Structures are given as structure tokens and as C-alpha cells.
């Protein structure tokens, strides 16, 4: 029985004995670091039973616990907060267990099967910073679930068809002059992305010409008197700019020559036109090669990859099932809808009047396909929070269709990544390219490491590996240390700093520990745990943090939040550095003290390594 369980049982006994309280859940908090103690029990909810002051009630419970729990060494009371102090013997026993057993995480998953879908890129552009957050978050969460005892399938749904892909294809066909990744020495996904941006430039030029034409100016005047313009008039916005934004899609669909070419190509693709299919396969092949290189460098992988070109029609059969069951209904134009007004939403289209699928139709079908493939207990979508509404609708539709897996759907919604310069825009070519960003953090890692003189005695090959480990670690950790739900600003220079809450600081702490253990082994000094006569405050801090680490891994899974682990590892690294500066480790004269501190240091290093592995981050053996 762990100490918190013991404290819970005995506190219930105390409440029953002292105040005849038999109900209620007992919870403890970590004691505020400004006060002595390890765990805190809040007594305010029980004052109506004790009919005494908070301080007196806390003292009575404290006396009972000290008498009945051997591990309690003492307590102090701050108003209604009972701060329990556990004995050094207890913490030394915890230390020995951690050192002997290594890092162990309670199995809360019980082998339940979970499919996690992440990445889900479009094949009309390379991956960018936003994709990096998606990928490292998705991969890390899979590792965390696995550590917690779940059976995890890493899943990627590649969006390899549709209007955006045809835009790149048309642009390359019209202006590419046969350019290939080999002929241009441009990575395949970058080359295709180049033509996606080129298409947008050509389209914008065509649109600008139309806006100043007689037809465009007439349409502008009509817009100014429409209901759509009222909100802009109220906000005193520039109606010319508002019209340009509002009318863009209408222009593309109804007036644009280049837009008509794209729609024709999409129809040809759907009709399986040999020439279009050949071009599509060629350009997608370039992109897949590029994606694979980026994924390898990011250190992410997938167990199963689905392709939209194979799944986009899957939902049609389920639409028919919905019509037969009454979950869906047909409007006069033949389009199929679902009414979600009782759930506080609106009506949602699931199939167009011409019988073609909309985006959510595919997701309905793909969800069913996943269940057929894996019979999973839960399926998690790692997608940005701009899709919150979409996944709420998807789950409601699956429930209306009485799918047994509907309750297992979870949207791991994460915030967007901003830069000091503002928001990224793929079609305008203003994104932070993933490959360029990885090169930048590697270069910064090299510069910082060399300036700090941490490269002595290392070969060129070792240095290359070190810079990659530091650079990629800095990037991943910076993205993962923030609560996944929060929008964040990414600063490459800050991420690579060797001080503060950064991966390089933690990685350097690990190599410092490695260096100490290596020196101990080289000089024949034992790293076997020996119980010391005294436990220093800094030593206890390390034991407490290591003891709390498995709970942080559980919390990261329960809360869908890898930052729980990032912050736990950072606090441990910070505490070790304080311990290192306050106490002699390798040079301690007392053999028992030296053996204990070496064994404790080694356990800290193993915990840091374990935590970073769950974040998908490596640790260097030396620096």
C-alpha cells in the first residue's frame, strides 16, 4: 500500500473516530514549498462536524495520524491546512525502492486499445511549424499511453486528393517546364509546395484584374447594399477589402479561368483519367519522399497510414444507413442533412444534392473503417482547435447512428503556434518550413555549444550527433512543455538556451550525471545504494520528485497533456543542479554518503532519460 493510500485510510479512521464522519473522499495536496511538510490535508470541509476552530480540528487529526501512521514524523498547522511531515526513514526506503526497481509507471491502461491519428498532412505543400507541433504532440502522446499500459496504434490519414492538390498539379503543368526534385535539387514536398504558392500568385493576379473590371466593380456596388455588408459597415471596415475577402471563393467557383481548370482536373481525377492520375501519382510520390525524410528527422512514425483517395467515398453507405434509421433527412434539393439543434448546434449537411461527399462524410466512413480494422476502445484525433466544432459534430453523428465506438472519440485539441512576426499562411508562402526550422535549431545548437566550450575531445561524428540531439530536443521540448490546449509563441533562440526550462538545460544535467557515474566507474568507486545516517534537504527533494514522477506520467495520459512530464523532468533537473552545487558527490569522504549520492544521481539520470523518451527526445551520453 502506497503512502497516500495509507494516509487516506487512516484519515478516514480519524474522521470517523473524532467526529463520526463516515462519508466523503479523502484527498491530499503536495505541501506548499513555503511551509514544512510533504502532504497537506485541508480540514475546512469538516468544521461543521468538529464544531471547532480550523487550527484545533487540524491538530486533532494530526495527533491521531502521528500516533497511527508510523511513517509520519510530525506535522504543522497553518489555519485549516494540516501539513504532514514524513520521516527520513520513509524517504530512504522510497529511494532504495526507486534505485532497485528503476522507473515504474502504474498500469492504468489495462491493455485497452487506442488509435491515435496525428500528422494528417495535405500533399500540396511541405510540413511547417504547425505540423511539427502536431507530430511531436501526437507521437509523444502515443509513447505516454504505451508507458501507461495502453495498446496504441499510431495512425496517419494523408489528405492526398481534392481541390488543393489539383491547384499544385495545374500550376506545375502550366509553369513547371518539367521541373523535378532531381533536376532542381529541391526536396519533393518543397517543389510541390512551390507550385501551390505559384498557383495562388497567378490566381490573385487574375482576381485583381477582375476586381477592377466593369463586372467586378458592379458586383462590389451590389455587395455594399447587401445584408453581408452590414456587419462591416457597423465596424466601420473598408468595404472594398471586405468584398475582396468575402467574394474570393465565389469568384474562384463562378468566374475564374484558372479556377475552372482546377475544377475540371478534379472531375477528371474522380473519373480516373489516365493522364491526370499519372500526374497525381508522380507529384504525390515526390511529396511522400519528402515527408518521409522530415518524419525520420523528427523521429516520428506510424503503424497504419490511410489515404483520403481511398477513404473519401466510405461515408456514403453510412449516409444511406442514417436515412433508413431516421437519423438523417433529405431536403428538397436532394441534399442529406442531420438535425443537431437539440444538442445546441444547427443542421449539418452530410451529402451534397449531386450525391458527392462533404468532408465530414469521409470522417464518418473512416471512423467506421478504423473500428473494423482495430476494434479500438478509444480513438483520438490530434488536430488543432480550429476544428473543435467539426469533431463535436462528428461524435454526435456517430451517436445518432448508434455506433458502439462513438463515446470513445476524443479530439486532442491543441492551440496554434505563432511567431513573433505573426500568423503563418501556407498559400502565401509565409509559413515556417519544418525542414528549414530543423536546420536552424541545429545550427543554433552548434553555435551555442561551441561558445560554451562543450565540445572538447569529441570526434566530428560525435559532434554531428550531439548537435542533432540538442537541436531537435530543443524544438520538441519547447513545443511540448506548454499545455497542449494553449496557443503559443515559438522563439527558436529561446528554445536552445542552456539555462532555464529548456531541453538543452535538462540534457546537460543528464550528461553531468553521466560524467559523474563514468568517473566513479573509472576510479572503482561504488554506485551501490548505501543508507546514510542523515538525509540532506536537497537529497530528500530529489527523492520526493522521483517518487512523484510516475504519477506525472499517469496524469499526462489522463489529461492528454505531455507538458505534465516535461515539467516534472525540468523540476527534477533543476533540483539535481541545486544538489550538485550544494554537496560533494564523487569526492565525498564518507563511503556510505558517497555510495548513496552516486546511486541517487544515477536514478535521477534514469528518470530524466525515461521522461525525455516519452517526449520523443534523446539525451546525449556526453557533452
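Annotations
- Tensor-based shape of the range 557-606 (alpha-carbon gyration tensor, a/c under 1.5 rounded, otherwise prolate or oblate): prolate
- Taking every alpha-carbon pair under 8 Å whose residues sit at least 6 apart, the range 163-271 reaches a relative contact order of 32 percent.
- Kirkwood hydrodynamic radius of the chain, from inverse mean 1/r over distinct Cα pairs, in Å: 28.6
- The range 423-522: equivalent-ellipsoid semi-axes (sqrt of 5 x gyration tensor eigenvalues, Cα, Å): 30, 16, 10
- With neighbour counts taken as other beta-carbon atoms within 10 Å, the residues 357, 183 rank, fewest first, as 183, 357.
- Per-q log10 I(q)/I(0), the range 170-285, q = 0.11, 0.15, 0.19 Å⁻¹ (Debye; single scatterer per alpha-carbon; no solvent): -0.51, -0.78, -1.00
- Calculated FRET value between residue 534 and residue 613, using beta carbons and R₀ = 35 Å, to 0.05: 0.55
- Span from the the range 19-91 Cα centroid across to the the range 303-374 one, whole angstrom: 55
- 0 to 90° range, to nearest 10: angle between helix 129-147 axis and the chain longest Cα axis: 50
- Dividing the summed helix terms, -39500 (n - 2.57) for each DSSP H run of n ≥ 4, by the number of residues in the chain produces a 222 nm estimate of -18500 deg cm²/dmol to the nearest 500.
- Footprinting exposure proxy for 370, 486 (fewest neighbouring C-beta atoms within 10 Å first): 486, 370
- Where labels lie 7 Å past Cα in the beta-carbon direction, separation of residue 335 and residue 239 in nm: 2.8
- Measuring between their Cα centroids, the range 209-263 and the range 426-492 lie 43 Å from each other.
- Relative contact order of the range 314-356, taken over Cα pairs closer than 8 Å and 6 or more residues apart, is 30 percent.
- Helix 460-480 axis versus longest C-alpha principal axis of the chain: approximately 80°, rounded to the nearest ten.
- Protection proxy ranking of 303-316, 576-589 - average other beta-carbon atoms within 10 Å, highest first: 303-316, 576-589
- Normalised by 2.2 N^0.38 Å, with N the number of residues, the alpha-carbon radius of gyration of the range 281-429 equals 1.21.
- The Cα-based radius of gyration and maximum Cα-Cα distance (Dmax) for the range 135-174 are 17.3, 53 Å.
- Along its first, second and third principal axes, ordered by size, the range 434-614 spans 52, 43, 22 Å in Cα coordinates.
- Our compactness index for the range 1-160, the C-alpha radius of gyration over the empirical 2.2 N^0.38 Å, is 1.53.
- If R0 is taken as 45 Å, the Cβ-Cβ distance between residue 49 and residue 100 corresponds to a FRET efficiency of 0.60.
- Compared with the dominant principal axis of the Cα atoms in the chain, helix 257-270 is inclined by about 70°.
- The label-point distance for residue 581 and residue 293, in a model that sets each label 7 Å from Cα toward Cβ, rounds to 4.4 nm.
- Exposure proxy order (Cβ contacts within 10 Å, fewest to most) of 515, 168, 325: 325, 515, 168
- Mean separation of Cα contacts under 8 Å, 6 or more apart, over the residue count of the chain: relative contact order %: 15
- Three-way shape call for the range 3-86 based on the alpha-carbon gyration tensor, with the a/c threshold at 1.5: oblate
Every number here is computed from the coordinates shown, using simple stated rules; none is lab data. From a predicted model like this one, the values you see are computed outputs, not experimental measurements. Heads up, the Cβs are rebuilt from the backbone with ideal geometry, glycines too, and the neighbour counts pull from every protein chain shown.
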